[in-house]
Amino acid sequence: MKKIVVINGHPNKASFNFGIAKAYRKGALDSGAEVQEIVIAELQFNPNLQFGYQKKMELEPDLIKAWEIIQWADHLVWVHPIWWGGLPAVTKGFIDRLFLPGFAFKYKKDSLWWDKLLKGKTAHIITTIDQPGWYYRLMYGRPSVNQLKKSTLEFCGIKPVKVTYIGIIKTSDEKQRQKWLEKVKKLARNLK
């Protein structure tokens, strides 16, 4: 049985991203998967990695619980909007505080290389966008995807990492949004 965590990175509970996360969860449960959810906006934590890696910050209880869920999961589903080409600040802060040396990766002594501590996991990024995905990729080089997929998840050993763009959100109507929700449910049901 597949163990999935849906990580919702939108700070607004009234956003379409919450509908996407709910649709993915439903599709995954319909397929027989076990599903847990992390709603970053509901967590109590300081998103500022105040000292970088120079001084350890103690993890708040919500971050400890979130890390336990991430360790439990086989598959991580990240749902977030693209704002100014990147992740919402609270999502970036969640990553900064939790994907730490010794947790998600470990630098090798006297080396430029590192051990990837999250090998064996897979991921899917589902991101909402206010421009065509192809335009975001060609015009801007898809910075949020590069940051989350390459510089975070793959850096820590998570592979493969699939990406799905949902949009153009700002010009969509209810009929289009329902189609996207059905697409997301289907993605979850078809996960092997």
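The values are calculated or read from the model by the stated rules, or taken from the named source; none is laboratory data. Predicted model only: the values in this text are computed from it and were never measured. Here the Cβ positions follow ideal geometry from the backbone for every residue, glycine too, while neighbour counts run over all protein chains shown. Only protein heavy atoms, including side chains, enter the accessible area calculation; ligands, DNA and RNA are left aside. Shrake-Rupley method; radii C 1.70, N 1.55, O 1.52, S 1.80 Å.
Below is a table of values for the structure above.
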quantity	calculated
Residue in the range 51-70 that is surrounded by 15 or more Cβ atoms within 10 Å (Cβ to Cβ), of a type outside the set (A, V, I, L, M), without any contact (Cβ under 8 Å) to a residue 60 or more places away in the chain and not in a helix (DSSP H, G or I) present	no
Matching residues, the range 127-149, being more than 12 Å from the chain's Cα centre (by Cα) and without any contact (Cβ under 8 Å) to a residue 24 or more places away in the chain	W134, Y135, R137, L138, M139, G141, R142, N146
One residue from K109, K116, K92 being open to solvent by 20 Å² or more (accessible area, probe 1.4 Å) and within 13 Å of the chain's Cα centre (by Cα)	K92
So N8, is it open to solvent by less than 10 Å² (accessible area, probe 1.4 Å), closer than 30 Å to P132 by Cβ, among the polar types (S, T, N, Q) and at pLDDT 95 or above	yes
Candidate set from the range 150-185 (those that are over 13 Å from the mean Cα position of the chain (by Cα), surrounded by 13 or more Cβ atoms within 10 Å (Cβ to Cβ) and touching a residue at least 60 places away in the same chain (Cβ under 8 Å)); member that is nearest to H124 (Cα to Cα)	V184
Residue that is nearest to R25 (Cα to Cα) [pool: residues in the range 122-147 that are aliphatic (A, V, I, L, M) and assigned to a helix (DSSP H, G or I)]	V145
The range 41-50 - residue that is polar (S, T, N, Q) and touching a residue at least 24 places away in the same chain (Cβ under 8 Å) and, of those, most open to solvent (accessible area, probe 1.4 Å)	N48
